[in-house]
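What follows is a short report on a single structure.
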Amino acid sequence: RVLTLIRPASLSGLVLGAFLIVRRSTEPVRGLTEIVSKTSLERPNPVDPEVLSRRDEVGALARAFDAMIERLRKSYEKIQEKETQRQFALGALSESEEKFRNIFENAVEGFFQCTADGDIISANPAMAQILDYDSPNELMDSVTDIGRQLFVDPEEREDCFSRLRATGTLRSKEV
């Protein structure tokens, strides 16, 4: 009977001991969870300085977490700076494209771009008018081989493309 009474008491002590061990070992995690829940990147010091000064596991974790937050903050600032630069560059590019488009559309000289196969892929209104088309779209739809349809001498087109391949540019050439 004495033995039977000791066993439930031993079992209770064992359970209580296990509970205290688990509680003690999870205390740092609970402390860190509390720190994380109170953390905000907008605050100058996201982690409470009192917690940072602790000399236990919670303090060590808080310091590591604080360092990680600082690295994240710096990375975020770099990303914001790059995004600002990208937005500025996109704005400048858009403005430049608009200026070029305006010059292209309003020029009195005829301009066109074509593929190596002779298909016109863009033309300005002056080019359409010079070639007696109502619009650049009508010109692009109608002309499928500029060598045969626009050049007086189809060999001249080959000459132009040879010069273009050799030098990368073709300037001051009237066709």
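The values are calculated or read from the model by the stated rules, or taken from the named source; none is laboratory data. What you are looking at is a predicted structure, and each value in this text was computed from that prediction instead of being measured. Reconstructed Cβ throughout: ideal geometry from the backbone, glycine too, with neighbour counts over all protein chains shown. Just the protein is used for accessible areas: all its heavy atoms, side chains included, with ligands, DNA and RNA removed. Shrake-Rupley method; radii C 1.70, N 1.55, O 1.52, S 1.80 Å.
Would you kindly derive the ³J(HN,Hα) couplings of the stretch 114-128 from the backbone phi angles with the Karplus curve 6.51 cos²θ - 1.76 cosθ + 1.60 (θ = phi - 60°), listing them in order in whole Hz, with x for Gly and Pro?
Result, ordered by residue: 9, 7, 5, 7, x, 8, 7, 10, 7, 8, 8, x, 4, 4, 4 Hz.
Give the peptides 140-152, 119-131, 100-112 in descending order of average Cβ contacts within 10 Å, highest first.
119-131, 140-152, 100-112
With a probe of 1.4 Å, find how much accessible area the stretch 42-175 has per residue, and write the answer as a whole number in Å².
76 Å²
Going from the alpha-carbon gyration tensor of the stretch 66-175, what semi-axes, largest first and in whole Å, does one get by taking the root of 5 times each eigenvalue?
46, 18, 12
Give me the number: length gained by fully extending Gln113 to Leu20, i.e. 0.36 nm times residue separation minus the C-alpha to C-alpha distance, one decimal in nm.
25.3 nm
How would you order 63-76, 159-172 from highest to lowest mean count of nearby Cβ atoms within 10 Å?
The packing order, highest mean first, is 63-76, 159-172.
Once each part is reduced to its C-alpha centroid, what is the distance from the stretch 65-84 to the stretch 121-169 in angstrom?
Using only Cα atoms to place each centre, the spacing works out to 53 Å.
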